[in-house]
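Asker: Sending over a structure as structure tokens; questions will come in a sec.
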Amino acid sequence: MPEHDTGGTLGTPAQEVGGFLRRRSEQVAQRWADEPLFRTVFTVSRDEAVEAGKAIVDALAHVADTQRVEDPDAAGFTGVREQLARMGAARSRAGLSATQVSAELAALLPPVENLLVADLDGQEPERVRECTTALSVLMGTLRLVAMQTALSEVQALTDRQRLQLLEVATPVIKLWDGIVAVPLIGTLDSARSQVVMETLLEAVVDQHARFAILDITGVPTVDSLVAQHLMKTVAAARLMGAECVVSGIRPAIAQTMVHLGLDLGTVKTRASLADALGYCLHELGANIVNAAPDGAGRR
């Protein structure tokens, strides 16, 4: 194939775009460094922004070489996904919406397109159109990759925060030597029930507990799946050497459990957390004495 005066070898439009990006990597990166996306993310130095731009240009060139300009899963994007995620996260932290971040990504196309058109000076108009179209598709795919990566990062962060909230909302309290309790408040779902089991069993081991109290006074409803998780927690605590006492079963929940056919015959239940604690203390051999009224007996 003949060569044009910029030193590139004519091939498919995508391949020619790849060659252009390799030749003009420095110029593209320099122009990108002045765009809001790079200028506001890389604030330490402009050179940092230029280097980040070069890495993305190289990735785009690799994708263009393989002619997979429409494929967000192209191998060439692998190396810059983390970089794109950091950039997207930085702009999100600055208060920009996903639409605004996408617009900043879209603004990266015109500087590259202007360079490409200048680079193709002397080529047939049809060829220029084909190459600019290939570049537009490639940059559109870059936007898609960036947004997919940012959304994945947001989802991962949301999942971590949700797990942390579940752990905070499921505290294990040491009530006495050998007695731990988990006071549950709010709706129980499968994820939270799993956290209850894990945190309670860890506390049983750490505290060498002989008794574990599950207080569900603050739980409005219990469905079949949650009830099964509670039963599994009781069984797991027993296997760890601790007796599990369930307290605070309200009439509506009791009816649900009976309706579901759950066998609570082997589970110790008490009306309230205080009753459950009293039972555990009695089993430990502790003597519970009511305080004398009106200070009687005080010296």
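Only the coordinates and a few stated rules stand behind these numbers; no lab work does. It should be emphasised that the depicted structure is a prediction, and the values quoted were computed from it without experimental measurement. Every residue, glycine as well, gets a Cβ built from its backbone with ideal geometry; the counts of neighbours run over all protein chains shown.
Asker: How charged is the neighbourhood of Cys244? Take every other residue with its Cβ under 13 Å from the Cβ of Cys244, and add Lys/Arg as +1 and Asp/Glu as -1.
Answerer: Summing Lys and Arg as +1 and Asp and Glu as -1 gives +2.
Asker: Mind ranking 208-218, 234-244 by how tightly packed they are, going by the mean number of other C-beta atoms within 10 angstrom, highest first?
Answerer: Final packing ranking: 208-218, 234-244.
Asker: As I understand it, the value is the acute angle between the Cα axis of helix 13-23 and the longest principal axis of the Cα atoms of the chain; what does it come to in degrees, rounded to 10?
Answerer: 90
Asker: With just the Cα atoms defining each centre, how far is the range 186-261 from the range 60-136? Give it in Å.
Answerer: Centre-to-centre distance over Cα atoms comes out at 53 Å.
Asker: Still on this structure, I have one more. Shape call for the range 215-283 from the C-alpha gyration tensor, a ≥ b ≥ c root eigenvalues: rounded (a/c under 1.5), prolate (a/b greater than b/c) or oblate?
Answerer: oblate
Asker: What is the helix-to-structure angle for 46-65, meaning the angle in degrees between its Cα long axis and the longest Cα principal axis of the chain, kept from 0 to 90 and rounded to the nearest 10?
Answerer: Relative to the chain, helix 46-65 is tipped by roughly 80 degrees.
Asker: Would you mind calculating the relative contact order of the chain from Cα pairs under 8 angstrom and at least 6 residues apart, reporting the percent as a whole number?
Answerer: Reported as a whole number, the value is 12 percent.
Asker: Stretched out fully, how many nm does the piece from Ala94 to Leu151 gain, at 0.36 nm a residue minus the Cα gap?
Answerer: Here the segment from Ala94 to Leu151 would lengthen by 18.9 nm.
Asker: Shifting gears a bit: Would the chain count as rounded, prolate or oblate if I go by the C-alpha gyration tensor, calling it rounded below 1.5 in a/c and otherwise prolate when a/b exceeds b/c, oblate otherwise?
Answerer: Taking the square roots of the gyration eigenvalues as a ≥ b ≥ c, the chain is prolate.
Asker: For the chain, what is the charge dipole size about the Cα centre, in debye to the nearest 20, if Lys and Arg each add +1 at the Cβ and Asp and Glu each add -1 at the Cβ?
Answerer: So the dipole magnitude of the chain works out to roughly 1480 debye.
Asker: To test your reading of the geometry: what angle, between 0 and 90 degrees and rounded to tens, separates the Cα axis of helix 109-119 from the longest principal axis of the chain?
Answerer: 20
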